[in-house]
1. Treating only the Cβ atoms of Lys and Arg (+1) and Asp and Glu (-1) as charged, compute the dipole magnitude of region 229-298 about its Cα centre; round to the nearest 20 debye.
2. Suppose a student asked you for the relative contact order of the chain, using Cα pairs under 8 Å spaced at least 6 residues apart; what percent would you report?
3. Give, as a single signed number, the net charge of other residues whose beta carbon lies under 11 Å from the beta carbon of L254, with Lys and Arg counted +1 and Asp and Glu -1.
4. Among H23, M34, V123, whose Cα lies farthest out toward the positive end of the dipole of the chain, if unit charges sit on the beta carbon of Lys, Arg (+1) and Asp, Glu (-1)?
5. Specify which residue in the list S190, C230, W156 is farthest towards the positive end of the charge dipole of the chain, using unit charges on the beta carbon of Lys, Arg (+1) and Asp, Glu (-1), about the Cα centre.
6. When Lys and Arg each count +1 and Asp and Glu each count -1, what net charge do the other residues less than 14 Å away from F57, Cβ to Cβ, add up to?
7. What percent do you get for the relative contact order of region 182-298 when only Cα pairs under 8 Å and 6+ apart count?
8. Cα atoms only, the chain: Rg and Dmax in Å?
Amino acid sequence: MQLPSRRARQRLLNEAFERGIAHFDVARMYGLGMAEAELGRFVAGRRREQVTIATKFGIDPGSPRMARLQAPARFALARVPALRTALKRRGEGPREPRRYDAGGARASLETSLRELGTDYVDVLFVHDPGRGDQVDLEGIGELCEELVERGAVRAWGLSGDPDPCVDFAAGGFGSVLQVRDEILAPIADSPALPPRFGFGVLAEALPRIQGHLAEPERRRRWSAATGRDCGSAEVLASLLLADALERNRGGGVLVATTRPERLAAPAALAGRVAAGNEEPGLSAFRECVRADFGIPGS
């Protein structure tokens, strides 16, 4: 929804699909409530059975009238980086506690199905619950099992930061987990956890590692160890994605972009990992990360 036109958004989705990317992750609040309808236009007809869709409930998308201002607002923010940074910091501050319950989940899913133009979603997530939120685990669990029996939902679980999602999932809540999971803060494997999707693979790790490698001697050491140009953002991104895919072979990794030309590399990488071919230099890259950042088991 950061793209300014429907034509551009549909082109991006089609390029992903043509590259073999068949899982699409949205939420009731994405695009201020408009993202699901955009995806629904794309998967209408023959494509629905060829893709899986995950959506989420629990965060209010805000006013529909505000949604129509997204494109001009994003254009303005792109021209004023200081304003964009200030708004981001403001959004990262303390928030009001949210309530997650069965009634809200049911109403949100009904809206999602209507917007997506489908009669089922493959995964329904509780969206980013926090420690201070009121989460009716029992009521939501009973509803989701009912929705699975009806066929309105294929699977359900939690999506958000590991704390507290991992704890809830380890306690038996849900059949899918979707959490922030990257090389500098990896999710520990546990038989108590369900299959998962990882996200945020590049968001923090890539700029931190790039900053670390701004020092020439470190960059030379990492490049010599991996046999790759670790001064290249593309190389680092490929290694970070490969690490996430390798660590989570029973699940998947979410990627995001507004640029169709950037879809080829992760799609090809996923194919290589699925075929059992390790990304060149990955083992050495993990050792460099472990040694320089003190990350156990990287």
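The values are calculated or read from the model by the stated rules, or taken from the named source; none is laboratory data. Treat the numbers as computed from the prediction; the structure is a model and nothing was measured. As a convention, Cβ positions derive from the backbone with ideal geometry for all residues, glycine included, and neighbour counts pool all protein chains shown. Only protein heavy atoms, including side chains, enter the accessible area calculation; ligands, DNA and RNA are left aside. Shrake-Rupley method; radii C 1.70, N 1.55, O 1.52, S 1.80 Å.
1. It comes to approximately 240 debye.
2. Contact order relative to length: 15 percent.
3. Local net charge: 0.
4. Farthest towards the positive pole: M34.
5. Going by the Cα projections, it comes out as C230.
6. Here the charged neighbours net out to -3.
7. Reported as a whole number, the value is 33 percent.
8. Rg, Dmax (Cα atoms, Å): 19.9, 60.
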